[in-house]
Amino acid sequence: MPFTTRPVLTGTHGVVTAGHYLAAAAGFRMLEKGGNAIDAGVAAGFAVNVLEPQSNGIGGEAPILVYSARRKRVYAINGQGYAPKAATIDWFKSRGISLIPGDGLLSATVPGAFGAWLTALQHFGKLSLKDVLTPAIEMTEEGFPMYPELQAAIGNLADKFQDEWHSSARVYLPHDRPPMVGELFRNVDWANTFKAAIDVEIRNRHRGREMAIEAARDYFYMGEIAERIVEFTQGTKIRDVSGQENYGLLAPDDFQMYQTKVETPVTLSYRGYDVYKCNTWCQGAVFLQQLGLLEGFDLSSMGHNSPDYIHTVVESAKLAFADREKYYGDPDFVTVPLDRLLSKAYAAERRRLINTEEASMDLRAGDSPPIQLESGDSHPDVYTGDTTHLDAIDCEGNMIAATPSGGWIPSSPVIDGLGFPLGTRGQMFYLDANHANALAPRKRPRTTLTPSLAMKDGEPFMVFGTPGGDCQDQWTLQFFLNIVDFGMNLQEAIDAPNFHTHHFPNSFYPHNAEPGSAVLEGRISDTVRVELAERGHQISIAGDWSHGKVLGIAFDSKTGVISAGASPRAQIAYAMGR
(Lines give C-alpha, C1' and ligand atoms only; values in the text may rest on other atoms or scores of the structure.)
Protein backbone atom coordinates (compact mmCIF):
# COMPACT_ATOMS: atom_id res chain seq x y z
CA MET A 1 0.00 0.00 0.00
CA PRO A 2 1.29 3.51 -0.76
CA PHE A 3 2.08 5.85 2.11
CA THR A 4 -0.72 8.20 3.16
CA THR A 5 -0.59 11.00 5.72
CA ARG A 6 -3.33 9.35 7.74
CA PRO A 7 -4.92 5.91 7.69
CA VAL A 8 -8.28 5.32 6.05
CA LEU A 9 -10.52 5.17 9.11
CA THR A 10 -13.01 2.30 8.96
CA GLY A 11 -15.97 1.24 11.06
CA THR A 12 -19.40 -0.32 10.92
CA HIS A 13 -21.41 1.71 13.45
CA GLY A 14 -20.97 5.20 12.06
CA VAL A 15 -18.31 7.69 10.98
CA VAL A 16 -18.12 11.49 11.07
CA THR A 17 -15.67 13.86 9.39
CA ALA A 18 -15.43 17.56 10.19
CA GLY A 19 -13.24 20.59 9.59
CA HIS A 20 -12.14 20.49 13.25
CA TYR A 21 -11.40 17.34 15.24
CA LEU A 22 -13.56 18.42 18.19
CA ALA A 23 -16.51 18.83 15.83
CA ALA A 24 -15.99 15.27 14.58
CA ALA A 25 -16.03 14.17 18.23
CA ALA A 26 -19.25 16.14 18.83
CA GLY A 27 -20.89 14.36 15.92
CA PHE A 28 -19.70 10.97 17.06
CA ARG A 29 -21.23 11.60 20.49
CA MET A 30 -24.63 11.67 18.78
CA LEU A 31 -24.02 8.24 17.22
CA GLU A 32 -23.04 6.91 20.65
CA LYS A 33 -26.24 8.44 22.03
CA GLY A 34 -28.37 6.47 19.55
CA GLY A 35 -28.71 9.17 16.92
CA ASN A 36 -28.27 8.69 13.19
CA ALA A 37 -25.90 10.29 10.67
CA ILE A 38 -28.06 13.40 10.36
CA ASP A 39 -28.03 13.97 14.13
CA ALA A 40 -24.24 13.55 14.02
CA GLY A 41 -23.91 15.98 11.12
CA VAL A 42 -26.03 18.64 12.79
CA ALA A 43 -24.09 18.39 16.05
CA ALA A 44 -20.82 18.64 14.11
CA GLY A 45 -22.27 21.60 12.21
CA PHE A 46 -23.09 23.55 15.35
CA ALA A 47 -19.64 22.67 16.68
CA VAL A 48 -17.74 23.96 13.61
CA ASN A 49 -19.79 27.17 13.86
CA VAL A 50 -18.10 27.65 17.24
CA LEU A 51 -14.69 26.10 16.60
CA GLU A 52 -13.90 27.74 13.24
CA PRO A 53 -15.28 31.30 13.53
CA GLN A 54 -12.65 32.50 11.05
CA SER A 55 -14.30 30.23 8.47
CA ASN A 56 -18.01 30.06 9.27
CA GLY A 57 -20.63 30.87 11.86
CA ILE A 58 -24.26 30.53 12.80
CA GLY A 59 -24.89 33.93 11.16
CA GLY A 60 -23.92 32.44 7.80
CA GLU A 61 -25.11 29.59 5.56
CA ALA A 62 -25.18 25.79 5.49
CA PRO A 63 -26.16 24.00 2.27
CA ILE A 64 -26.84 20.34 3.07
CA LEU A 65 -27.35 17.10 1.15
CA VAL A 66 -29.06 14.17 2.88
CA TYR A 67 -29.66 10.59 1.84
CA SER A 68 -32.51 9.03 3.84
CA ALA A 69 -32.10 5.25 4.06
CA ARG A 70 -35.74 4.86 5.11
CA ARG A 71 -37.10 6.88 2.21
CA LYS A 72 -34.34 5.78 -0.21
CA ARG A 73 -34.07 9.29 -1.57
CA VAL A 74 -31.61 12.18 -1.73
CA TYR A 75 -32.69 15.63 -0.52
CA ALA A 76 -31.09 19.08 -0.69
CA ILE A 77 -31.63 21.55 2.13
CA ASN A 78 -31.40 25.13 0.93
CA GLY A 79 -29.41 26.67 3.75
CA GLN A 80 -28.71 29.95 1.93
CA GLY A 81 -30.28 33.14 3.27
CA TYR A 82 -31.82 35.72 0.98
CA ALA A 83 -31.29 39.45 0.45
CA PRO A 84 -33.30 41.96 2.46
CA LYS A 85 -36.41 43.45 0.88
CA ALA A 86 -34.72 46.86 0.93
CA ALA A 87 -31.69 45.61 -1.04
CA THR A 88 -32.21 46.76 -4.62
CA ILE A 89 -29.87 47.63 -7.46
CA ASP A 90 -31.24 51.17 -7.47
CA TRP A 91 -30.54 51.57 -3.74
CA PHE A 92 -26.84 50.77 -4.23
CA LYS A 93 -26.40 52.76 -7.43
CA SER A 94 -28.09 55.83 -5.95
CA ARG A 95 -25.34 55.85 -3.33
CA GLY A 96 -22.52 55.51 -5.84
CA ILE A 97 -21.80 51.85 -4.96
CA SER A 98 -21.00 49.83 -8.09
CA LEU A 99 -20.07 46.59 -6.32
CA ILE A 100 -21.69 45.24 -3.17
CA PRO A 101 -18.99 45.41 -0.48
CA GLY A 102 -17.38 42.22 0.73
CA ASP A 103 -17.41 43.35 4.35
CA GLY A 104 -19.57 45.27 6.80
CA LEU A 105 -23.36 45.09 7.03
CA LEU A 106 -24.63 46.04 3.56
CA SER A 107 -23.92 42.56 2.21
CA ALA A 108 -25.70 40.72 5.03
CA THR A 109 -28.41 38.26 4.06
CA VAL A 110 -30.82 36.55 6.43
CA PRO A 111 -28.75 33.88 8.23
CA GLY A 112 -29.58 30.50 6.73
CA ALA A 113 -27.45 28.17 8.88
CA PHE A 114 -29.69 27.83 11.94
CA GLY A 115 -32.76 27.09 9.84
CA ALA A 116 -30.79 24.56 7.78
CA TRP A 117 -29.48 22.65 10.79
CA LEU A 118 -32.92 22.55 12.39
CA THR A 119 -34.62 21.50 9.16
CA ALA A 120 -32.19 18.59 8.76
CA LEU A 121 -32.71 17.59 12.39
CA GLN A 122 -36.48 17.96 12.27
CA HIS A 123 -37.10 15.95 9.09
CA PHE A 124 -34.26 13.42 9.06
CA GLY A 125 -32.82 13.15 12.57
CA LYS A 126 -33.94 11.34 15.73
CA LEU A 127 -32.57 13.41 18.60
CA SER A 128 -33.60 16.72 20.16
CA LEU A 129 -32.16 20.17 19.59
CA LYS A 130 -30.81 20.06 23.13
CA ASP A 131 -28.92 16.86 22.31
CA VAL A 132 -27.22 18.18 19.19
CA LEU A 133 -26.51 21.68 20.56
CA THR A 134 -25.04 20.52 23.86
CA PRO A 135 -21.46 19.90 22.61
CA ALA A 136 -21.27 23.38 21.02
CA ILE A 137 -22.66 25.00 24.16
CA GLU A 138 -20.13 23.13 26.31
CA MET A 139 -17.34 24.42 24.08
CA THR A 140 -18.53 28.01 24.38
CA GLU A 141 -19.16 27.89 28.15
CA GLU A 142 -16.26 25.72 29.29
CA GLY A 143 -13.95 26.76 26.47
CA PHE A 144 -11.90 24.92 23.88
CA PRO A 145 -8.11 25.09 23.42
CA MET A 146 -6.99 27.84 21.08
CA TYR A 147 -5.21 26.44 18.02
CA PRO A 148 -2.70 28.13 15.67
CA GLU A 149 -4.98 28.80 12.67
CA LEU A 150 -7.63 30.58 14.75
CA GLN A 151 -5.05 32.42 16.82
CA ALA A 152 -3.38 33.73 13.66
CA ALA A 153 -6.74 34.93 12.31
CA ILE A 154 -7.54 36.76 15.56
CA GLY A 155 -4.03 38.23 15.62
CA ASN A 156 -4.48 39.65 12.13
CA LEU A 157 -7.77 41.20 13.19
CA ALA A 158 -6.75 42.52 16.59
CA ASP A 159 -6.15 46.13 15.51
CA LYS A 160 -9.46 46.30 13.65
CA PHE A 161 -11.31 44.84 16.60
CA GLN A 162 -9.72 47.26 19.06
CA ASP A 163 -10.06 50.32 16.85
CA GLU A 164 -13.45 49.74 15.18
CA TRP A 165 -15.29 46.53 16.09
CA HIS A 166 -15.41 46.74 19.86
CA SER A 167 -18.10 44.06 20.14
CA SER A 168 -15.72 41.63 18.41
CA ALA A 169 -12.86 42.69 20.68
CA ARG A 170 -14.94 41.88 23.76
CA VAL A 171 -15.32 38.28 22.58
CA TYR A 172 -12.06 37.54 20.74
CA LEU A 173 -9.60 39.67 22.71
CA PRO A 174 -10.70 38.69 26.22
CA HIS A 175 -7.51 39.97 27.87
CA ASP A 176 -6.91 42.76 25.34
CA ARG A 177 -4.85 40.32 23.28
CA PRO A 178 -5.39 37.24 21.12
CA PRO A 179 -5.63 34.09 23.25
CA MET A 180 -2.44 32.05 23.29
CA VAL A 181 -2.27 28.64 21.61
CA GLY A 182 -3.55 26.10 24.13
CA GLU A 183 -5.36 28.74 26.20
CA LEU A 184 -9.07 28.01 26.75
CA PHE A 185 -11.27 30.28 24.67
CA ARG A 186 -14.90 30.93 25.65
CA ASN A 187 -17.86 32.69 24.05
CA VAL A 188 -20.48 32.86 26.76
CA ASP A 189 -22.86 35.11 24.79
CA TRP A 190 -23.06 32.43 22.08
CA ALA A 191 -23.85 29.81 24.71
CA ASN A 192 -26.57 31.93 26.31
CA THR A 193 -28.14 32.70 22.92
CA PHE A 194 -28.62 29.04 22.08
CA LYS A 195 -29.44 27.89 25.60
CA ALA A 196 -32.43 30.20 25.24
CA ALA A 197 -33.39 28.39 22.02
CA ILE A 198 -33.16 25.07 23.84
CA ASP A 199 -35.41 26.43 26.59
CA VAL A 200 -38.02 27.20 23.92
CA GLU A 201 -37.73 23.65 22.59
CA ILE A 202 -38.14 22.16 26.07
CA ARG A 203 -41.21 24.28 26.82
CA ASN A 204 -42.81 23.01 23.61
CA ARG A 205 -42.04 19.31 23.91
CA HIS A 206 -45.65 18.55 24.79
CA ARG A 207 -46.41 19.41 21.14
CA GLY A 208 -44.12 16.64 19.90
CA ARG A 209 -40.48 16.50 18.82
CA GLU A 210 -40.86 18.16 15.41
CA MET A 211 -43.05 21.01 16.65
CA ALA A 212 -40.67 21.64 19.56
CA ILE A 213 -37.80 22.04 17.09
CA GLU A 214 -40.02 24.31 14.97
CA ALA A 215 -40.67 26.49 17.99
CA ALA A 216 -36.93 26.91 18.52
CA ARG A 217 -36.58 27.87 14.87
CA ASP A 218 -39.31 30.49 15.30
CA TYR A 219 -37.47 31.85 18.33
CA PHE A 220 -34.48 32.57 16.07
CA TYR A 221 -36.35 34.02 13.08
CA MET A 222 -39.40 35.58 14.71
CA GLY A 223 -38.29 36.16 18.27
CA GLU A 224 -35.56 37.73 20.32
CA ILE A 225 -32.57 36.71 18.19
CA ALA A 226 -33.98 38.26 15.01
CA GLU A 227 -35.00 41.37 16.96
CA ARG A 228 -31.49 41.85 18.31
CA ILE A 229 -29.91 41.30 14.89
CA VAL A 230 -32.18 43.90 13.30
CA GLU A 231 -31.62 46.34 16.17
CA PHE A 232 -27.86 45.99 15.73
CA THR A 233 -27.83 46.35 11.94
CA GLN A 234 -30.22 49.28 11.87
CA GLY A 235 -28.49 51.06 14.74
CA THR A 236 -24.82 50.48 13.95
CA LYS A 237 -22.79 52.09 11.18
CA ILE A 238 -19.89 50.01 9.93
CA ARG A 239 -17.18 51.22 7.56
CA ASP A 240 -16.82 48.87 4.62
CA VAL A 241 -14.64 48.58 1.54
CA SER A 242 -16.78 51.13 -0.31
CA GLY A 243 -15.14 53.71 1.94
CA GLN A 244 -18.49 54.62 3.46
CA GLU A 245 -19.99 53.91 6.87
CA ASN A 246 -23.26 52.08 6.36
CA TYR A 247 -26.10 50.63 8.37
CA GLY A 248 -27.43 47.22 7.38
CA LEU A 249 -30.65 46.69 5.40
CA LEU A 250 -32.21 43.77 7.28
CA ALA A 251 -35.70 44.35 8.70
CA PRO A 252 -38.01 42.24 10.92
CA ASP A 253 -40.17 40.99 8.05
CA ASP A 254 -37.07 39.70 6.22
CA PHE A 255 -36.68 37.21 9.05
CA GLN A 256 -40.37 36.51 9.51
CA MET A 257 -40.86 35.65 5.83
CA TYR A 258 -37.76 33.49 5.56
CA GLN A 259 -38.23 29.73 5.11
CA THR A 260 -35.68 26.94 4.77
CA LYS A 261 -36.58 24.81 1.78
CA VAL A 262 -36.14 21.07 1.31
CA GLU A 263 -35.54 20.56 -2.41
CA THR A 264 -34.85 17.99 -5.08
CA PRO A 265 -31.12 18.05 -5.86
CA VAL A 266 -29.61 18.14 -9.35
CA THR A 267 -27.85 15.01 -10.52
CA LEU A 268 -25.72 13.47 -13.26
CA SER A 269 -24.44 9.95 -13.89
CA TYR A 270 -20.68 9.48 -14.43
CA ARG A 271 -19.21 6.06 -15.20
CA GLY A 272 -21.98 4.33 -13.22
CA TYR A 273 -21.98 6.74 -10.24
CA ASP A 274 -24.91 9.11 -9.67
CA VAL A 275 -23.63 12.39 -8.26
CA TYR A 276 -25.97 14.83 -6.48
CA LYS A 277 -25.54 18.56 -5.88
CA CYS A 278 -27.64 21.47 -4.62
CA ASN A 279 -29.46 23.62 -7.19
CA THR A 280 -28.16 26.74 -8.91
CA TRP A 281 -28.46 29.01 -5.89
CA CYS A 282 -25.00 27.48 -5.46
CA GLN A 283 -22.35 26.50 -8.00
CA GLY A 284 -22.87 22.74 -7.50
CA ALA A 285 -24.01 21.98 -11.04
CA VAL A 286 -20.60 23.10 -12.30
CA PHE A 287 -19.18 19.90 -10.79
CA LEU A 288 -21.68 17.92 -12.85
CA GLN A 289 -20.93 19.86 -16.02
CA GLN A 290 -17.24 19.12 -15.60
CA LEU A 291 -18.04 15.42 -15.20
CA GLY A 292 -20.13 15.52 -18.36
CA LEU A 293 -17.22 16.97 -20.32
CA LEU A 294 -14.62 14.63 -18.84
CA GLU A 295 -16.64 11.48 -19.41
CA GLY A 296 -15.62 11.73 -23.07
CA PHE A 297 -11.92 11.36 -22.25
CA ASP A 298 -9.91 8.31 -21.19
CA LEU A 299 -8.44 10.04 -18.16
CA SER A 300 -6.74 7.00 -16.65
CA SER A 301 -4.69 6.40 -19.80
CA MET A 302 -3.40 9.98 -19.65
CA GLY A 303 -1.76 9.29 -16.30
CA HIS A 304 -2.55 10.98 -13.02
CA ASN A 305 -1.45 14.63 -12.92
CA SER A 306 0.25 14.32 -16.28
CA PRO A 307 0.35 17.41 -18.53
CA ASP A 308 -2.45 15.97 -20.69
CA TYR A 309 -4.61 15.22 -17.66
CA ILE A 310 -4.18 18.59 -15.96
CA HIS A 311 -4.69 20.44 -19.26
CA THR A 312 -7.90 18.52 -19.98
CA VAL A 313 -9.35 19.06 -16.50
CA VAL A 314 -8.46 22.77 -16.45
CA GLU A 315 -9.90 23.40 -19.92
CA SER A 316 -13.10 21.57 -18.94
CA ALA A 317 -13.34 23.73 -15.82
CA LYS A 318 -13.06 26.89 -17.93
CA LEU A 319 -16.06 25.84 -20.03
CA ALA A 320 -18.19 24.74 -17.10
CA PHE A 321 -17.47 27.86 -15.04
CA ALA A 322 -18.23 30.07 -18.05
CA ASP A 323 -21.71 28.55 -18.03
CA ARG A 324 -21.92 29.11 -14.29
CA GLU A 325 -21.18 32.78 -14.84
CA LYS A 326 -23.81 33.19 -17.56
CA TYR A 327 -26.67 30.98 -16.39
CA TYR A 328 -26.57 30.15 -12.68
CA GLY A 329 -28.70 32.01 -10.17
CA ASP A 330 -31.49 31.49 -7.68
CA PRO A 331 -33.95 29.27 -9.63
CA ASP A 332 -36.87 31.04 -7.94
CA PHE A 333 -35.86 34.14 -9.90
CA VAL A 334 -34.13 32.96 -13.08
CA THR A 335 -34.70 30.09 -15.48
CA VAL A 336 -31.54 27.99 -15.63
CA PRO A 337 -31.47 25.59 -18.62
CA LEU A 338 -30.12 22.68 -16.57
CA ASP A 339 -31.69 20.01 -18.78
CA ARG A 340 -29.56 21.29 -21.63
CA LEU A 341 -26.45 22.12 -19.60
CA LEU A 342 -26.33 18.62 -18.11
CA SER A 343 -27.22 16.74 -21.29
CA LYS A 344 -24.78 14.42 -23.04
CA ALA A 345 -25.40 16.22 -26.35
CA TYR A 346 -24.39 19.57 -24.87
CA ALA A 347 -21.31 18.04 -23.23
CA ALA A 348 -20.26 16.55 -26.57
CA GLU A 349 -20.76 19.90 -28.30
CA ARG A 350 -18.73 21.75 -25.68
CA ARG A 351 -16.02 19.08 -25.53
CA ARG A 352 -15.09 19.87 -29.11
CA LEU A 353 -14.02 23.35 -27.98
CA ILE A 354 -11.11 21.92 -25.99
CA ASN A 355 -7.84 22.35 -27.87
CA THR A 356 -5.54 19.60 -26.60
CA GLU A 357 -2.42 21.67 -27.31
CA GLU A 358 -3.40 25.21 -26.33
CA ALA A 359 -4.92 26.83 -23.23
CA SER A 360 -7.97 28.99 -23.84
CA MET A 361 -7.84 32.64 -22.81
CA ASP A 362 -11.53 33.38 -23.43
CA LEU A 363 -14.70 32.97 -21.39
CA ARG A 364 -16.90 30.75 -23.58
CA ALA A 365 -20.45 30.27 -22.29
CA GLY A 366 -22.83 28.11 -24.31
CA ASP A 367 -24.95 30.66 -26.16
CA SER A 368 -22.53 33.57 -26.16
CA PRO A 369 -19.63 34.65 -28.32
CA PRO A 370 -16.25 34.26 -26.58
CA ILE A 371 -15.41 37.05 -24.14
CA GLN A 372 -11.80 38.10 -23.79
CA LEU A 373 -11.09 38.28 -20.09
CA GLU A 374 -9.08 40.99 -18.41
CA SER A 375 -6.99 40.46 -15.31
CA GLY A 376 -8.17 42.19 -12.19
CA ASP A 377 -6.76 42.66 -8.71
CA SER A 378 -8.38 41.34 -5.56
CA HIS A 379 -8.95 43.77 -2.71
CA PRO A 380 -6.57 43.31 0.23
CA ASP A 381 -9.15 44.45 2.81
CA VAL A 382 -11.73 41.79 1.92
CA TYR A 383 -11.51 38.38 3.53
CA THR A 384 -12.34 35.33 1.40
CA GLY A 385 -10.63 32.51 3.32
CA ASP A 386 -13.90 31.07 4.45
CA THR A 387 -15.84 27.82 4.74
CA THR A 388 -15.54 24.39 6.33
CA HIS A 389 -17.13 21.00 5.73
CA LEU A 390 -18.53 17.92 7.46
CA ASP A 391 -19.89 14.48 6.55
CA ALA A 392 -21.50 11.56 8.36
CA ILE A 393 -22.69 8.06 7.44
CA ASP A 394 -24.30 5.54 9.81
CA CYS A 395 -24.77 1.78 9.71
CA GLU A 396 -28.17 2.07 8.02
CA GLY A 397 -26.68 4.03 5.13
CA ASN A 398 -28.06 7.45 6.08
CA MET A 399 -25.69 10.10 4.74
CA ILE A 400 -25.20 13.83 5.21
CA ALA A 401 -22.77 16.31 3.63
CA ALA A 402 -22.76 19.99 4.58
CA THR A 403 -20.53 22.93 3.69
CA PRO A 404 -21.10 25.67 6.30
CA SER A 405 -19.72 29.12 5.59
CA GLY A 406 -20.32 32.82 6.05
CA GLY A 407 -20.85 34.65 9.30
CA TRP A 408 -17.09 34.62 9.87
CA ILE A 409 -15.36 37.08 12.18
CA PRO A 410 -13.03 38.85 9.71
CA SER A 411 -15.79 40.45 7.61
CA SER A 412 -18.46 41.63 10.01
CA PRO A 413 -18.57 42.57 13.70
CA VAL A 414 -19.96 40.36 16.43
CA ILE A 415 -23.50 41.34 17.38
CA ASP A 416 -23.53 42.58 20.96
CA GLY A 417 -25.01 40.04 23.33
CA LEU A 418 -25.47 37.28 20.73
CA GLY A 419 -21.85 36.21 20.30
CA PHE A 420 -21.73 35.88 16.51
CA PRO A 421 -21.46 38.12 13.40
CA LEU A 422 -23.61 38.14 10.28
CA GLY A 423 -22.47 36.92 6.89
CA THR A 424 -21.51 38.97 3.85
CA ARG A 425 -22.83 36.61 1.17
CA GLY A 426 -24.65 39.46 -0.61
CA GLN A 427 -21.27 40.46 -2.07
CA MET A 428 -21.76 37.66 -4.60
CA PHE A 429 -24.65 39.46 -6.27
CA TYR A 430 -24.09 41.66 -9.32
CA LEU A 431 -25.59 45.12 -9.71
CA ASP A 432 -26.40 44.33 -13.34
CA ALA A 433 -30.09 43.59 -13.83
CA ASN A 434 -29.32 41.37 -16.83
CA HIS A 435 -27.01 39.05 -14.93
CA ALA A 436 -28.45 35.70 -13.76
CA ASN A 437 -27.01 36.45 -10.33
CA ALA A 438 -28.31 40.03 -10.19
CA LEU A 439 -29.38 41.43 -6.84
CA ALA A 440 -33.11 41.38 -6.10
CA PRO A 441 -35.07 41.58 -2.83
CA ARG A 442 -35.56 38.17 -1.17
CA LYS A 443 -33.32 36.50 -3.76
CA ARG A 444 -30.60 34.08 -2.70
CA PRO A 445 -27.10 34.93 -3.95
CA ARG A 446 -25.40 32.24 -6.00
CA THR A 447 -22.92 30.88 -3.53
CA THR A 448 -19.80 28.76 -3.99
CA LEU A 449 -20.85 26.38 -1.19
CA THR A 450 -21.27 22.92 -2.60
CA PRO A 451 -21.46 19.64 -0.67
CA SER A 452 -21.41 16.43 -2.73
CA LEU A 453 -23.18 13.07 -2.48
CA ALA A 454 -22.79 10.01 -4.71
CA MET A 455 -24.81 6.82 -5.15
CA LYS A 456 -23.69 3.57 -6.83
CA ASP A 457 -26.19 1.13 -8.30
CA GLY A 458 -28.98 2.80 -6.35
CA GLU A 459 -27.17 2.35 -3.03
CA PRO A 460 -25.48 4.97 -0.84
CA PHE A 461 -21.82 5.36 -1.76
CA MET A 462 -20.09 8.56 -0.64
CA VAL A 463 -20.38 12.08 0.80
CA PHE A 464 -17.57 14.61 0.45
CA GLY A 465 -16.62 18.28 0.21
CA THR A 466 -14.07 20.99 0.98
CA PRO A 467 -13.72 24.68 1.75
CA GLY A 468 -12.22 26.84 -0.99
CA GLY A 469 -14.63 29.26 -2.67
CA ASP A 470 -14.53 28.92 -6.46
CA CYS A 471 -12.03 26.06 -6.08
CA GLN A 472 -14.38 23.76 -4.16
CA ASP A 473 -15.80 22.06 -7.24
CA GLN A 474 -12.32 21.76 -8.73
CA TRP A 475 -10.58 20.13 -5.75
CA THR A 476 -13.47 17.80 -4.94
CA LEU A 477 -13.74 16.91 -8.63
CA GLN A 478 -10.12 15.74 -8.59
CA PHE A 479 -10.74 13.81 -5.37
CA PHE A 480 -13.69 12.05 -7.02
CA LEU A 481 -11.73 11.32 -10.22
CA ASN A 482 -8.84 9.98 -8.14
CA ILE A 483 -11.23 7.36 -6.76
CA VAL A 484 -13.34 6.57 -9.82
CA ASP A 485 -10.80 6.89 -12.64
CA PHE A 486 -7.52 6.16 -10.85
CA GLY A 487 -8.62 3.61 -8.23
CA MET A 488 -7.19 5.40 -5.21
CA ASN A 489 -8.46 4.84 -1.69
CA LEU A 490 -10.02 7.77 0.15
CA GLN A 491 -6.87 9.02 1.84
CA GLU A 492 -4.71 8.61 -1.27
CA ALA A 493 -7.30 10.60 -3.20
CA ILE A 494 -7.24 13.35 -0.59
CA ASP A 495 -3.45 13.46 -0.21
CA ALA A 496 -2.71 13.62 -3.95
CA PRO A 497 -1.45 17.06 -5.09
CA ASN A 498 -4.08 19.10 -6.87
CA PHE A 499 -4.57 22.21 -8.98
CA HIS A 500 -7.17 24.78 -10.02
CA THR A 501 -7.83 27.76 -12.25
CA HIS A 502 -9.17 31.26 -11.55
CA HIS A 503 -9.80 31.85 -15.27
CA PHE A 504 -13.37 33.08 -14.72
CA PRO A 505 -14.77 35.99 -12.63
CA ASN A 506 -14.34 35.33 -8.92
CA SER A 507 -17.58 34.88 -6.98
CA PHE A 508 -16.34 37.21 -4.24
CA TYR A 509 -15.88 40.98 -4.27
CA PRO A 510 -14.47 42.46 -6.49
CA HIS A 511 -15.17 39.61 -8.99
CA ASN A 512 -11.66 39.67 -10.47
CA ALA A 513 -10.46 37.05 -12.98
CA GLU A 514 -7.05 35.56 -13.77
CA PRO A 515 -7.21 34.54 -17.45
CA GLY A 516 -5.38 31.34 -18.26
CA SER A 517 -4.29 30.74 -14.69
CA ALA A 518 -3.32 27.28 -13.50
CA VAL A 519 -2.32 27.07 -9.85
CA LEU A 520 -0.45 23.88 -8.92
CA GLU A 521 0.46 22.51 -5.54
CA GLY A 522 4.25 22.45 -5.24
CA ARG A 523 4.48 18.66 -5.30
CA ILE A 524 3.51 18.58 -9.00
CA SER A 525 6.73 18.13 -10.94
CA ASP A 526 8.75 20.77 -12.76
CA THR A 527 8.47 18.76 -15.97
CA VAL A 528 4.68 18.97 -15.86
CA ARG A 529 4.80 22.70 -15.10
CA VAL A 530 7.04 23.39 -18.08
CA GLU A 531 4.85 21.49 -20.53
CA LEU A 532 1.71 23.20 -19.27
CA ALA A 533 3.38 26.59 -19.65
CA GLU A 534 4.29 25.68 -23.21
CA ARG A 535 0.59 25.14 -23.90
CA GLY A 536 -0.14 28.68 -22.71
CA HIS A 537 -1.21 28.12 -19.10
CA GLN A 538 -0.23 30.94 -16.75
CA ILE A 539 1.43 28.79 -14.11
CA SER A 540 1.80 29.70 -10.46
CA ILE A 541 2.96 27.43 -7.67
CA ALA A 542 1.24 27.17 -4.31
CA GLY A 543 2.47 25.44 -1.17
CA ASP A 544 2.97 21.69 -1.21
CA TRP A 545 -0.11 21.12 1.00
CA SER A 546 -2.16 24.28 0.54
CA HIS A 547 -5.28 23.54 -1.52
CA GLY A 548 -8.43 23.01 0.46
CA LYS A 549 -9.37 20.56 3.17
CA VAL A 550 -11.19 17.71 1.43
CA LEU A 551 -13.17 15.33 3.63
CA GLY A 552 -14.96 12.19 2.48
CA ILE A 553 -16.79 9.11 3.77
CA ALA A 554 -17.72 6.05 1.71
CA PHE A 555 -20.20 3.24 2.47
CA ASP A 556 -20.02 -0.34 1.24
CA SER A 557 -23.65 -1.46 1.22
CA LYS A 558 -22.64 -5.13 0.76
CA THR A 559 -20.33 -5.38 3.79
CA GLY A 560 -21.60 -2.48 5.90
CA VAL A 561 -18.06 -1.10 6.20
CA ILE A 562 -17.80 2.69 6.39
CA SER A 563 -14.49 4.29 5.35
CA ALA A 564 -13.33 7.87 5.85
CA GLY A 565 -10.48 10.18 5.00
CA ALA A 566 -9.61 13.70 6.12
CA SER A 567 -7.15 16.14 4.64
CA PRO A 568 -3.97 16.94 6.56
CA ARG A 569 -4.03 20.41 4.98
CA ALA A 570 -4.53 23.03 7.74
CA GLN A 571 -3.99 20.20 10.28
CA ILE A 572 -7.31 20.36 12.12
CA ALA A 573 -9.74 18.25 10.07
CA TYR A 574 -10.38 14.73 11.30
CA ALA A 575 -12.50 11.63 10.95
CA MET A 576 -13.91 9.68 13.89
CA GLY A 577 -16.03 6.56 14.16
CA ARG A 578 -16.18 2.91 15.04
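Summary of computed values
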{"quantity": "Subset of the stretch 153-208 (residues that are hydroxyl-bearing (Ser, Thr, Tyr) and out of contact with any strand residue (DSSP E or B) (no Cβ under 8 Å at 6 or more places or on another chain))", "calculated": "193"}
{"quantity": "Count of the stretch 240-288 residues which are open to solvent by less than 20 Å² (accessible area, probe 1.4 Å), in a strand (DSSP E or B) and under 29 Å from residue 220 (Cβ atoms)", "calculated": "4"}
{"quantity": "Residues of the stretch 432-475 that turn out to be of a type outside the set (A, V, I, L, M, F, W, C) and assigned to a strand (DSSP E or B), as a count", "calculated": "6"}
{"quantity": "Elements of type helices (runs of 4 or more DSSP H) in the stretch 120-199, at least 3 residues being open to solvent by 60 Å² or more (accessible area, probe 1.4 Å)", "calculated": "129-142, 148-163"}
{"quantity": "Residue 115 open to solvent by less than 10 Å² (accessible area, probe 1.4 Å) and either closer than 22 Å to residue 460 by Cβ or in a loop (DSSP other than H, G, I, E, B) (or both)", "calculated": "no"}
{"quantity": "Filtered residue count, the stretch 511-529, keeping only those that are open to solvent by less than 30 Å² (accessible area, probe 1.4 Å) and of a type outside the set (A, V, I, L, M, F, W, C)", "calculated": "7"}
{"quantity": "Helices (runs of 4 or more DSSP H) lying entirely in the stretch 1-101 (those with 1 or more residues that are buried (at least 24 other Cβ atoms within 10 Å of the Cβ) and β-branched (Val, Ile, Thr))", "calculated": "37-51"}
{"quantity": "Matching residues in the stretch 289-326 - criterion: being of a type in the set (Phe, Trp, Tyr) and either open to solvent by less than 10 Å² (accessible area, probe 1.4 Å) or under 16 Å from residue 518 (Cα atoms) (or both)", "calculated": "309, 321"}
{"quantity": "Residue list for the stretch 428-449, restricted to those being farther than 14 Å from residue 506 by Cα and in contact with a Lys or Arg (Cβ under 8 Å, 6 or more places away or on another chain)", "calculated": "431, 436, 441, 442"}
{"quantity": "Test: residue 562 is under 26 Å from residue 320 (Cβ atoms) and of a type in the set (Val, Ile, Thr)", "calculated": "no"}
{"quantity": "Residues located in the stretch 312-349, provided they are in contact (Cβ under 8 Å) with a residue 60 or more places away in the chain, closer than 28 Å to residue 302 by Cβ and not acidic (Asp, Glu)", "calculated": "313, 314, 317, 318, 321, 322, 324, 342"}
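To keep it simple, each residue is scored yes or no on (1) over 23 Å from residue 24 (Cα atoms); (2) crowded, with 18+ Cβ neighbours inside 10 Å.
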{"position": "485", "(1), (2)": "yes, yes"}
{"position": "531", "(1), (2)": "yes, no"}
{"position": "571", "(1), (2)": "no, no"}
{"position": "575", "(1), (2)": "no, yes"}
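The values are calculated or read from the model by the stated rules, or taken from the named source; none is laboratory data. Everything numeric here is computed off the predicted structure, so don't read it as measured data. Note: ideal-geometry Cβ built from the backbone for every residue, glycine included; neighbour counts use all protein chains shown. Keep in mind that these areas ignore ligands, DNA and RNA; they rest on the heavy atoms of the full protein, side chains included. Shrake-Rupley method; radii C 1.70, N 1.55, O 1.52, S 1.80 Å.
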